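Asker: Let me give you the structure first, and then I'll get to my questions.
Each reported figure results from applying straightforward, stated rules to the coordinates on display, with no laboratory input. In this text, all values refer to a predicted model and were calculated from it rather than measured experimentally. When we count neighbours, we look across all protein chains shown, and the Cβ atoms used for this are built from the backbone with ideal geometry, even at glycine.
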Amino acid sequence: MKYTPEEVITSAQQDEFLDIAREIYKNDPNWVCPLDMEINAIFNPNKNPFFSHGTAIRWILRDKSGKAVGRVAAFINEKKAYNNEVPTGGMGFFECIQDEEAAVTLFNTAKHWLSQKGMQAMDGPINFGENDRHWGLLVEGYTHPAFGMPYNHEYYKAFFANYGFKMFYQQVSNHLNIENPLPERFEKITQWIIQKPGISVELVQKDKLLKYGMDFLNIYNDAWQFHENFTPMTETQVRALIDELKDVMIGELICFAYVEGDPAGFMLCLPDLNQIIKPLNGKFGWLEKLQLWWRRRNNFEWYRKKGILTRGRVTIMGVKPKYQKYGLESALIMVPMPHAKAMGFKEIELSWVGDFNPKMRKLHEATGSKLGKIHHTLRYYFDPTYEGRRSEIIAVDTREKLLKSDSESQSESSENSENLSA
């Protein structure tokens, strides 16, 4: 056998798992090495809450000389695995030299483990966590990746296709040049919204993060319930998210909308930390932490003045279905915009939106943003005779919330924002 998979157990193997990526991308100027501590945390049951309802494993691939030439991980999210047409696990963190036999060995290793656990299909490459990070195979747009967005060699596409992976859904990331004004209708709708009694749009204040976190939970569990395989977020998950983001967020880039005091929508934009961490090559020791702590004061002023930090990334945006005819999406985009410009930001990456969400795609297109990157979330069925299917378009909210009176009272906004609803 030319290649042998080896389960990652020891700390030395954990280091090799990380080093494989550094070796494979050492000559690629666009790649940004994820922080070692972040990748290790994903596979640490004490740090990743997904272990409370799932399991994960990872392997190194060695050649006959013992050299590490690839890696892969497999995992099962018990909350979602059985919501599919067949029990479906996940594989990810795939890295491999340009040798198809090595890639097949890695795929087979993940498939065998998942099959033994009762799975009949695997999605990949995905994350053992939320889908805002390390999710999807890059198939177009081999440029600087935003923080959390996966990057891979172009030859990976053939590996996945030849093995039998099929696209489950397409993910699009658009790049918005904020030095150019947005279409005029965004400003008109925003002015109409912020002047309407009962509607308020506010930027996040860091001394109220728990309050905003609970509002996020309220909106998310309402707005996303019509997504395929939706599982509600918990307060524990949101508290963990707050802890993760509180030191890297910029309040002026995050926006919430309220209707008669009810949390109605939000837009979460974060600074592109990859612009800051690229020179670190994944290492983040006490000296780097101290340096970042000092330089991130006053909304990362040091990095902004040096011209190092010029990009942001909208990681998630949503509006409750009952308010999706109010034009809130325009305000959520426009209200933070002057603050971003004043701080020296030049580009915002809108990432990512799936082809199962045509409304949000229309919103992105309406901003005048340009296509930046395309990722694919792929699915492989263990039974080669099983045809499978694509991800479904988000279902329409059929609850009796969109009352006729609401439609009539919001007619002016609906008329202007018909193509902007998400």
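Asker: Pop the C-beta distance of Asn27 and Asp355 into the FRET formula with R0 = 41 Å and round what comes out to the nearest 0.05.
Answerer: After rounding to 0.05, the efficiency reads 0.80.
Asker: Over all distinct Cα pairs, what is the inverse of the mean 1/r for region 3-164, reported as the Kirkwood hydrodynamic radius in Å?
Answerer: It is 16.0 Å.
Asker: Roughly what would the spin-label model give for Asn83 and Glu260, points 7 Å off Cα along C-beta, in nm?
Answerer: Calculated label separation equals 3.0 nm.
Asker: Moving to a separate point now. Please give, to one decimal in nm, the separation of the simple spin-label points placed at Glu101 and Trp286, each 7 Å out from Cα toward the Cβ.
Answerer: Those two pseudo-labels are separated by 4.8 nm.
Asker: Rounded to the nearest 500, what is the chain's calculated 222 nm mean residue ellipticity when only DSSP H runs of at least 4 contribute -39500 (n - 2.57) each, over all residues?
Answerer: When only DSSP H runs of four or more count, the value is -9500 deg cm²/dmol.
Asker: In addition: Which FRET efficiency value, to the nearest 0.05, do you get for Arg185 and Ile393 by plugging their Cβ-Cβ distance into 1/(1 + (r/R0)^6) with R0 = 30 Å?
Answerer: For R0 = 30 Å, the calculated efficiency reads 0.75.
Asker: Right, here's the next one. What length, rounded to one decimal in nm, is gained on full extension from Lys166 through to Lys370, with 0.36 nm per residue of separation minus their alpha-carbon distance?
Answerer: 70.8 nm
Asker: Only loop residues by DSSP count here, and only those with at most 13 other Cβ atoms within 10 Å; note down the GluC sites (Glu not before Pro) in region 141-218 that meet that.
Answerer: Here the GluC sites (Glu not before Pro) that fit, given the DSSP loop and packing criteria, are Glu154, Glu179.
Asker: Quick check: the angle from helix 209-223's long axis to the longest principal axis of the chain, C-alpha only, nearest 10 degrees?
Answerer: Once rounded, the angle reads 80 degrees.
Asker: Starting from the Cα of Tyr142, step 7 Å toward the Cβ, then list every residue of region 152-177 with an amide N under 14 Å from that point.
Answerer: Only 152-159 fall inside the zone, counting backbone N under 14 Å.
Asker: A follow-up question, please. P(r) for region 178-282, please, calculated from all Cα pair distances in 5 Å bins and given in %.
Answerer: P(r) for region 178-282, in whole percents per bin: 2, 10, 16, 19, 18, 15, 12, 5, 1, 0, 0.
Asker: Obtain the nm distance between the two label points defined at Asn108 and Glu202 by a simple spin-label model: each point lies 7 Å from its Cα along the Cα-to-C-beta direction.
Answerer: Reported label-point gap for Asn108 and Glu202 is 5.9 nm.
Asker: How much FRET efficiency would the formula 1/(1 + (r/R0)^6) give for Lys341 and Asn298, where r is the Cβ-Cβ distance and R0 is 25 Å, rounded to 0.05?
Answerer: The formula returns an efficiency of 0.90 here.
Asker: Just to confirm the number: angle between the C-alpha axis of helix 286-295 and the first principal axis of the chain, 0 to 90 degrees, nearest 10?
Answerer: Relative to the chain, helix 286-295 is tipped by roughly 20 degrees.
Asker: Cut-off under 13 Å on the C-alpha distance; same-chain residues fewer than 8 positions from Lys278 excluded. Which aspartates and glutamates are left, in chain and number order?
Answerer: Hits, sequence-local ones excluded: Asp28, Asp36, Glu288.
Asker: Express the relative contact order of region 3-164 as a whole percentage, based on alpha carbon pairs under 8 Å and six or more residues apart in sequence.
Answerer: 21
Asker: Mind scanning Lys246/Lys283; Lys26/Lys67; Lys196/Lys370; Lys341/Lys370; Lys67/Lys111 and naming the pairs with a C-alpha gap bigger than 25 Å?
Answerer: Beyond 25 Å between Cα atoms: Lys196/Lys370.
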